[in-house]
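**Student:** Could you have a look at this structure, given as structure tokens, before my questions?
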């Protein structure tokens, strides 16, 4: 991931630390943070409405042209899902194995 090597947990921790630095650099800026889990998973229109509100755009119902690429549960997509689940157990990232 991004040319960085290490265990999955190392990579996730690194990724989080980089986002923490980014948030600190931008703390005096007005930023709308939208994550997949909180903004898009329930439906992209929710994320659009947040953007619409933040930018004070006129209400508009977007036409959705694309859907979720992999609607199957992660446990069906990841061959070593149990190994992944075990690696993330009791970490800050365990929630990632419970998205289904």
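Every read-out reported here was derived from the displayed coordinates using simple, explicitly stated rules and does not represent laboratory data. If you're wondering where the values come from, they're calculated on a predicted model, not measured in any experiment. With ideal geometry, Cβ positions are generated from the backbone for all residues, glycine too; neighbour counts draw on all protein chains shown.
**Student:** Are any residues in region 78-100 farther than 17 Å from residue 38 by Cα and surrounded by 10 or more Cβ atoms within 10 Å (Cβ to Cβ), and if so, which ones?
**Tutor:** Passing the criteria: 78, 81, 82, 83, 84, 85, 86, 87, 88, 89, 91.
**Student:** Continuing with this model, one more query. Could you tell me which of the residues 62, 71 is free of Cβ contacts under 8 Å to residues at least 40 places away in the same chain, loosely packed, with under 10 Cβ neighbours inside 10 Å and under 27 Å from residue 32 (Cβ atoms)?
**Tutor:** Result: 71 is the single residue among 62, 71 that is free of Cβ contacts under 8 Å to residues at least 40 places away in the same chain, loosely packed, with under 10 Cβ neighbours inside 10 Å and under 27 Å from residue 32 (Cβ atoms).
**Student:** Follow-up question, since we're still on this one. Which of (1) surrounded by 11 or more Cβ atoms within 10 Å (Cβ to Cβ); (2) without any contact (Cβ under 8 Å) to a residue 24 or more places away in the chain; (3) under 16 Å from the mean Cα position of the chain (by Cα) is the odd one out, the single condition residue 35 does not satisfy?
**Tutor:** (1) is the only condition that residue 35 fails.
**Student:** In region 38-59, which residue that is touching a helix residue (DSSP H, G or I) at 6+ places or on another chain (Cβ under 8 Å) and within 17 Å of residue 71 (Cα to Cα) is surrounded by the most Cβ atoms within 10 Å (Cβ to Cβ)?
**Tutor:** Only one residue fits best here, namely 39.
**Student:** Now for a separate question. For region 5-20, does any single residue satisfy the condition of being outside any helix (DSSP H, G or I) and farther than 23 Å from residue 94 by Cα?
**Tutor:** Looking through region 5-20, none of the residues is outside any helix (DSSP H, G or I) and farther than 23 Å from residue 94 by Cα.
**Student:** Going residue by residue through region 43-51, is there one that turns out to be over 13 Å from the mean Cα position of the chain (by Cα), closer than 24 Å to residue 14 by Cα and in a loop (DSSP other than H, G, I, E, B)?
**Tutor:** Within region 43-51, none of the residues are over 13 Å from the mean Cα position of the chain (by Cα), closer than 24 Å to residue 14 by Cα and in a loop (DSSP other than H, G, I, E, B).
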